[in-house]
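Okay, structure first, notes after.
Derivation of every value follows stated rules applied to the coordinates shown; laboratory data play no part. All figures in this text were calculated on a predicted structure; none of them were measured in a lab. Please note: Cβ atoms are built from the backbone with ideal geometry, for glycine as well, and neighbour counts cover all protein chains shown.
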Amino acid sequence: MKHAAPRKSNRLLPLLLLILVVVAVAGTIYRREQLREWWFARKSLEQLQQASQSSQADPLILLIYGEKLSASGRHREALEAYRAAAAALPSGASGSLAARVYARFGHALAREGFDAEAVPVLNRAQALDDENPLVYLGYGMVFTQRQMHQFAETQFQLAANLAPDTPEPWYRLGKCHNDNVKPQQAIEPLKRALALAPNLAAIHAELGHAHAYQAEFEPAVQYFRKAVELEPENAHYARSLATAIGMKARTQEEYREAARLLAKCLEKDPNDNYVVFALGQLHLRFNAVVEAQQYLQRAVLLRPQSAEAWYNLARVEQRLGNEKAAEKANAEFRRLSDLHDNAVIAEKKVASDIKNPDLRVELARRYRESGNMIGAYWQFMTALKLKPNMPGVRKEFEEVSRAYQEIISRQVRISARPNDENTMGPPPPAEMMNEYGQMVTPGPR
């Protein structure tokens, strides 16, 4: 019995040696992959492009190529590189490389507006690594695309918690607060983003919007000026600056500067309803009623669903003594206001019974009447998921889908600008929306 213990330890020795060998081999493979990634990360975009096109291209090369394209602002090309990387993964891949590829691919899909395609990819990425902030940024962008801002806020906050030293989560969280009509809450995350990336024009612009939404036009102008300074060719920042100067204007000199800047914006895009309406408002505030009438008449032609434009046009016509025109504009304002109220009532009904398809259809119709095609699209889609056998509703959904796709394609074209890395996505909407995607009309009720 005295010799049993040594014989047992002798039997364990080969097992221990085998474990050591396995660990050593695994460590060597891991270090080799690290060295390989380091090596490809040092290569230029042109070299990576050549490597990605070779028959020996693998997911790692395609992933690094996509990341370099993203860093260069070539996001649509990056998306295709990530798509190729995902396709090159072995079936059922589950390692860290697969997790990174799917996270990048899902994030890029969401960023470019392909939200339906992004969701299963993001789900796969989350299953492989639930601590990758890109996954939650992707989910947040999907919810934002669907006008579900409260859900988006949660996802962006998760991303910010996981990557507190990265500007994008804080930026998107702040922008989401703005989109959800909570500009007071947008300031703090946007300032955190700005501290991490002080030369990103998009952050300055979004801070400008947060202050402008609160009628704090002095700081808004300062932030918009900086955004324009950083990106002088960005029409959205120039438009926001001109509008904020117009809202701040108290002197004739400020009035003339704002009118000049807005007119300059209009030269670049004569059908920009936001600028046309802003010029109408500006001239009305300074009692230039003839000029105000000219722009506000154009504003209601460009965007006939704008209750605020009709309200201001009614004021102008009244000042000019055009009683019939004023009454017509007032009637349209009242009609649109009633549509808004009906939509709010429908929203409350849906909130009290979220799985009722008939209530979803009613809300979709109210949104459609008020011109909110994005909200209508998602309510029709949800209703048909809850109750597929509604032929008449499906026909309405197909009609709304065409309008929705046109809106989304415009947003994607905007977001695909060459310098889009600096803007982190499409510009903020001219109107703020609530959590149901309902446009908030700031005019009097």
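Karplus-based coupling profile of the range 290-300, in residue order and whole Hz: 5, 5, 4, 4, 4, 6, 6, 5, 5, 4, 6, with θ = phi - 60° in 6.51 cos²θ - 1.76 cosθ + 1.60 and x standing for Gly or Pro.
From the mean inverse distance of alpha carbon pairs (Kirkwood) and the Cα radius of gyration, derive Rg over Rh for the range 105-195. Checking Rg against Rh, the ratio lands at 0.96.
Around Leu296, what is the net charge, scoring Lys/Arg as +1 and Asp/Glu as -1 over all other residues with Cβ under 14 Å from its Cβ? Residues near Leu296 contribute +2 overall.
Neighbours of Met390, meaning other residues whose beta-carbon lies under 13 angstrom from its beta-carbon, give a summed charge of +2 when Lys and Arg score +1 and Asp and Glu score -1.
Ordered by packing density, taken as the mean number of other Cβ atoms within 10 Å over each peptide's residues, highest first, how do 79-87, 325-333, 204-212, 276-284 rank?
Working: 79-87: 21.3, 325-333: 17.8, 204-212: 25.9, 276-284: 24.1.
Packing order, densest peptide first, comes out as 204-212, 276-284, 79-87, 325-333.
Taking the square roots of five times each eigenvalue of the Cα gyration tensor of the range 80-146, the equivalent ellipsoid has semi-axes of 19, 13, 8 Å, listed largest first.
Once you reduce the range 90-165 and the range 284-329 to the center of their Cα atoms, the two points are 45 Å from each other.
In what order do Trp378, Trp170, Trp38 fall by count of nearby beta-carbon atoms within 10 Å, going from fewest to most? Walk me through the numbers on the way to the answer.
On the way: Trp378 22, Trp170 27, Trp38 9.
Starting with the residue having the fewest Cβ neighbours, the order is Trp38, Trp378, Trp170.
Which of the residue pairs Lys191/Lys349; Lys349/Lys385; Lys248/Lys324 have a Cα-Cα distance greater than 30 Å in the structure shown?
Values: Lys191/Lys349 37 Å; Lys349/Lys385 18 Å; Lys248/Lys324 32 Å.
Going by Cα-Cα distance, Lys191/Lys349; Lys248/Lys324 fall outside the 30 Å limit.
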